[in-house]
1. Just give me the residues in the stretch A:287-316 being crowded, with 24+ Cβ neighbours inside 10 Å, over 28 Å from A:G155 (Cβ atoms) and touching a Phe, Trp or Tyr at 6+ places or on another chain (Cβ under 6 Å), in sequence order.
2. Any chance the stretch B:81-95 includes a residue that's within 14 Å of chain A (Cβ to nearest Cβ), within 17 Å of B:E118 (Cα to Cα) and under 14 Å from the mean Cα position of the chain (by Cα)?
3. Can you name every residue in the stretch A:642-692 that is assigned to a loop (DSSP other than H, G, I, E, B) and within 14 Å of chain B (Cβ to nearest Cβ)?
4. Does the stretch A:88-104 contain at least one residue that is more than 14 Å from chain B (Cβ to nearest Cβ), assigned to a loop (DSSP other than H, G, I, E, B) and crowded, with 24+ Cβ neighbours inside 10 Å?
5. Given the criterion hydroxyl-bearing (S, T, Y) and more than 19 Å from the chain's Cα centre (by Cα), identify the matching residue among A:T160, A:T148, A:T143.
6. Please enumerate the residues belonging to the stretch A:304-344 that are over 24 Å from the mean Cα position of the chain (by Cα) and small (G, A, S).
7. The conditions are (1) crowded, with 23+ Cβ neighbours inside 10 Å; (2) touching a residue at least 40 places away in the same chain (Cβ under 8 Å), and A:K644 fails exactly one of them. Which is it?
8. Please specify each residue of the stretch A:463-489 satisfying the condition of being more than 29 Å from A:R157 (Cα to Cα) and touching a Pro at 6+ places or on another chain (Cβ under 9 Å).
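The values are calculated or read from the model by the stated rules, or taken from the named source; none is laboratory data. What you see is a predicted model, and the numbers here were worked out from it, not measured in a lab. Cβ coordinates were reconstructed from backbone atoms using ideal geometry, including for glycine residues, and neighbour counts include every protein chain displayed.
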Amino acid sequence: MPEFKYSNAEKEVEMYGYDEVIKSHCRMCHGGCGVHIYKKEGKIEKIGGDPDCPIAHGTLCPKGIASTQIAYHPDRLTHPLKRVGPKGSGQWEKISWDEALDTIAEKMNGYKKEYGAESILMGYGTGRDNESVIYRFANLLGTPNVLTAGHLCYGPRISTSVITCGSIPVVDYESQPDCVMVWGNNLVIANSDEYKGEALAVSVDKGSKLIVVDPRMTRLAARADIWLQLRPGTDTALALGMANYIIAEELYDKEFVANHVHGWDEFVERVQDYPIDKVSDITWLPEEQIKEAARMFAEADTAGIQWGVAIEQQINCADNNRTLIALMGMTGNLDKKGGQVLFENAKNRNASEFGAHKLLSKEQRAKRLGGDRFRLAGHFAIINPKCAWDAILTEEPYPVKMAMFISSNPVLTRANASEVYKALEKLEFMAVADFFMTPTAELADIVLPASTWLEMDYIGDFWKRHGYILARRKAIQVGECRSDHEMLNELGKRVGQEEYWWDDFEGGLDYILEPLGINFQEFKKMDYIRGEVNYEKYKTKGFSTPTGKLEIYSTMLEKWGYDPLPKYVEPHESPISKPEMTDKYPFILVTGARSPGFFHTENRQLPWLREQHPDPFVEIHPDTARRLGISNGQWVSIESPRGKVRQKAKIFEGIHPQVIGAQHAWWYPEKKEGNYGWKESNINMLTDNSYESCDPAMGSTSVRTLLCNIYPEKQGAK
Amino acid sequence: MKQLALIIDHYACYGCLACEVACKQENGADFGVKLIQVGEDGPRQMNGKLDFLFDVNACLHAACEDTPCVYACPDDTISIRDDGIVVMNERTCTGCEACVPECPTDAIRINGNSMITEKCNLCYHRVDEGLMPACADNVCLAHCIYFGDPDEIAAEIAQKRTLLRA
């Protein structure tokens, strides 16, 4: 009987006759998981885990393993294309990279001259380790307008953390917290930032107490010591209620608040507005449960809050985050070993410096779309999407004529899809870089074939806050595909940025690593580097905020004219704020619960992943379904004042009878007519993007809390 | 001889589905055929509370008490090895489906294209070379897939559970 050892690369090679094993780091979500790439005769045959990886320890997810199905997919874009028919006609012609880049550069130079650089919109979707390269290009071009997911995903965590405590606090899983409160995050399924699900799974298995705040039951919630099934959109009220209780019961860290918090007394006064009985009414949670959770979190020696995107896609986005930071701080867990740590990166050039934000002139920065309305977002170079659509459609405050989207599919992922589509149709010129044709790419003039993570050298996770940088190594070349950074390296030279780019992008990687005294070839041999881990740095250095303290009372928000203390605001569209709507739209709609195989709009054309999840589904409580005559697996219509879509009903007892949970980002790559059925099940046909529905500081759209109706689809209707 | 089984600690499973794709990558089963399949159990009332588990379904091999599929097959297509691995030989399967209803865990699939039955063979081609079965090869982020002797695994899982609220 042989001895078994997992992830045994040597034996894999021996048995299957692979020619080569390349160590790398996946980027099917944000990145982070170490892998072994097995190659034979020039082709990747298998993706396995790398047990030496400090983030995931060799564990993988469906997306990572299925990466080869993107790389070698028959529909993969493999050379640049130019559109030869009307927008959306699907008529394309193959062109060379030179022609594609020359055309884009000529348009950029032209619009910049005629309308100013601000008339050019750069865009990316969720973070794919390309952020700082795109910002670098935009800042050098002189446009302050980079449209990302940053207004409603991770950007708020960065922005609110920086103004409140100087950097993002990350749960210190490596030191085994005694308690983890998972808030609006299902990181064992989702595409989390920094640590992946394995870290939490191991912590919980080793005995960390678990509190889960989620309107939907997940396995994490089911397994938790306490599951707080709150009314969607009431997170800030819950967090302020917990703070109220922790203060009343004197469960907070008195030394910490006395010496390291700015505005403690004002905060104590503010939380008096949130007594537990009132919070219970707002959140639908029993008073005892709120108290029990607050006590469990506060009394744990070490505790962390694993926060996720769900709390950011609401009108209370910034205050949700800030109240959670207050909870971390007041319980003494901020920057504490086993608590929530402000990890320091290695001494490489950081994402902000590489992004060349300082090279954007003050004059151009002042033109950032929505910068005067959403002032927290504007300060962090983030724009609210509606500001971009308005500039295209109404030419106010100035016209936007051209866009270049890299790894982004806004037709599916941004609120109010009808408006997004209209705006993209109106753009005079659009370039899109992606792996496949998409509903967004079909509206472009030029489409560029992007490399997957298997086809690039890069410094992975270099913009994340766990302190690690990870080597990503190019394993294959597919067609003429180029990485996002390689294309911008070449485009930059065509729009007058020659001195800021390199012969090839390896020069850029060397530049990032330069302060460490190594180059990329040397880094590749090292696998990963972590910054020095130090705890409780505030005791000697203070927090990196204007007052040097944890600013529960934010001097920055105050300066920008916002309430400096967190407060709860009722969702813009809820049974309480809009009772007059509930006749027609009686249900609260939450959207965007994650499926393991998909990353937003991605992967629906990959057989291994689509097989797991062939259709979009909408979760509905069995009592509600029975009352409405909806059966499991039946196609239903979901409707809001903005539109109507169809998804398949999934009878699900883990959701409140008054709440409906629909999936996001659905399109049908197999439907070649009608631009891949972009309207059919796209939940953003229903979402609202009006300015008054957005977080006033961050510009976050409330894609998770709105009102809807749901009913069986008529026979034969579509 | 040491007995080999595939055992899932369902309490620890979060339903990430990595095992399904790891199996696809190794064994290349057709679209619609999952030799290991993650199902949902709930949310439903269990022991007086709403609970939600995942139910990972694959052949248990040495942990299957009676291996009724072996005896149900009229063609000796299914055999049990000395190490407890239950192997279905797809080349000799006629697709009579006699084994399908016999399986206590519903782990035998019918391939709609070829009309023969398929099931997990515990990657015996890997096991014989000293490699772990694909799904058990540390892909699972919950570390809930165990391969090896059923008694040893049961002890290991029990030991792990003692860490909770220790």
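1. Hit for the stretch A:287-316 is A:A294, nothing else.
2. Scanning the stretch B:81-95, I find at least one residue that is within 14 Å of chain A (Cβ to nearest Cβ), within 17 Å of B:E118 (Cα to Cα) and under 14 Å from the mean Cα position of the chain (by Cα), so the answer is yes.
3. Filtering the stretch A:642-692 for residues assigned to a loop (DSSP other than H, G, I, E, B) gives A:642, A:652-654, A:656-658, A:663-673, A:678-682, A:686-690.
Those that are assigned to a loop (DSSP other than H, G, I, E, B) and within 14 Å of chain B (Cβ to nearest Cβ): A:F652, A:E653, A:G654, A:H656, A:P657, A:E670.
4. In the first step, residues of the stretch A:88-104 are kept if they are more than 14 Å from chain B (Cβ to nearest Cβ); the result is A:88-104.
Checking which are assigned to a loop (DSSP other than H, G, I, E, B) leaves us with A:88-91, A:95-96.
Subset that is crowded, with 24+ Cβ neighbours inside 10 Å: none.
No, the stretch A:88-104 contains no residue that is more than 14 Å from chain B (Cβ to nearest Cβ), assigned to a loop (DSSP other than H, G, I, E, B) and crowded, with 24+ Cβ neighbours inside 10 Å.
5. A:T143
6. A:G329, A:G332, A:G338
7. Checking A:K644 against (1) crowded, with 23+ Cβ neighbours inside 10 Å; (2) touching a residue at least 40 places away in the same chain (Cβ under 8 Å), the one that fails is (1).
8. A:V478, A:G479, A:E480, A:C481, A:R482
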